[in-house]
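Beneath this line is the structure, given in structure tokens, with notes to follow.
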Amino acid sequence: MKGPVVAIVGPSGVGKDSVMQGLAVSDPKIRLLRRVITRAPEAGGEDYQAVTEPEFQALVARDVFALHWQAHGLHYGVPRDIEQLRDGASAVLVNLSRAVLPAAQEVFDDFRVISLRASQEVLAQRLAGRGRESAQDIRARLTRADLPLPEGLRQVFKVDNSGALQDAITAIRAIIEAPVGDAAQPEARG
Ligand SMILES: Nc1ncnc2c1ncn2[C@@H]1O[C@H](COP(=O)(O)OP(=O)(O)OP(=O)(O)O)[C@@H](O)[C@H]1O
Ligand SMILES: O=P(O)(O)OC[C@H]1O[C@H](OP(=O)(O)O)[C@H](O)[C@@H]1O
């Protein structure tokens, strides 16, 4: 049986990586997709495959990716072998750009979107606290924070991560564990 592909989306600093790590620790059958990124290998944070820009373009040419996109001056890719990761999983979590969600919905059957929320003040504090980006990069990321979700997504669930991380993890587990019919009532869970 294949688990759903669950996109974790939201502004930079909202806690996507933290929530994903917490979910994977809470249930070994919740798996994380390792993205390919043209980011320096030593940047830290999530586990990703670091590649150079020419290496990334070669992977695109070889049609290795189910999805790929650009944001914050970086290229990101989701390899097609995500399908193997779905076998026997409760869910495969993937950190996606909001802009790529309509394409993702066409690529994956049983595709759900978790839209994480927090105020601008909380985002600014968290990005500064994390210390991965320069002040200028943080300003650019905050400017992008209000990017709306694209229209036409069939299964979107809004989850607040302004408070304790564990509360967001518990809310997302309920969404993942819901039967497909229940999961298709996003507004009831907003
Ligand atoms: N609920 C929470 N309470 C307090 N701190 C949090 C919470 N969630 C995340 N954080 C902290 O906020 C910072 C940003 O979190 P994280 O890196 O997970 O965000 P992100 O959405 O993945 O960001 P980006 O898109 O830039 O990678 C981290 O330092 C993390 O420890
Ligand atoms: O603002 P949008 O387009 O939704 O997201 C853009 C990108 O920013 C984040 O990247 P990172 O994890 O900070 O490198 C997300 O993971 C996504 O890939």
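Using only Cα atoms, what Kirkwood radius does region 130-183 have, in angstroms?
Computed over Cα pairs of region 130-183, the Kirkwood hydrodynamic radius comes out at 14.1 Å.
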Bins of 10 Å, starting at 0 and running to the largest distance - Cα pair percent for region 1-88: 15, 46, 33, 5
Take the alpha carbon atoms of region 5-180, find their radius of gyration, then divide it by 2.2 N^0.38 Å using N residues; give the quotient. 1.00
For the chain, give the share of DSSP beta bridges that are antiparallel, in percent and rounded to the nearest 5; count only bridges with both residues there. 30
Fully extended, how many nm does the chain gain between Ser119 and Asp17 (0.36 nm per residue separation, minus their Cα-Cα distance)? 35.0 nm
I want to check the label-to-label distance for Asp81 and Asp27. Put each point 7 Å from Cα in the C-beta direction and report it in nm to one decimal. 2.5
Work out, step by step, the length gained on full extension between Asp167 and Ala71: first 0.36 nm times the residue separation, then minus their alpha carbon distance; give nm to one decimal. 31.7 nm
Length gained when the stretch Leu149-Arg130 is fully extended (0.36 nm per residue, less Cα-Cα span): 4.3 nm
How about Lys29: which aspartates and glutamates have a C-alpha closer than 20 Å to its C-alpha, ignoring those fewer than 8 places off in the same chain? Asp17, Glu46, Asp47, Asp81, Glu83, Asp87, Asp109, Asp110, Asp167, Glu177
What longest region of the chain stays clear of trypsin sites (Lys or Arg not before Pro) that DSSP places outside H, G, I, E and B and that have at most 15 other Cβ atoms within 10 Å? 81-131
Compute the FRET efficiency between Ala140 and Glu106 as 1/(1 + (r/R0)^6), taking r as their Cβ-Cβ distance and R0 = 45 Å, and round to the nearest 0.05. 0.95
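The numbers here are math on the coordinates, done by the rules we state, and not lab data. Quantities reported herein were computed from a predicted structural model and do not represent experimental measurements. Cβ atoms come from the backbone with ideal geometry, glycine included; neighbour counts cover every protein chain shown.
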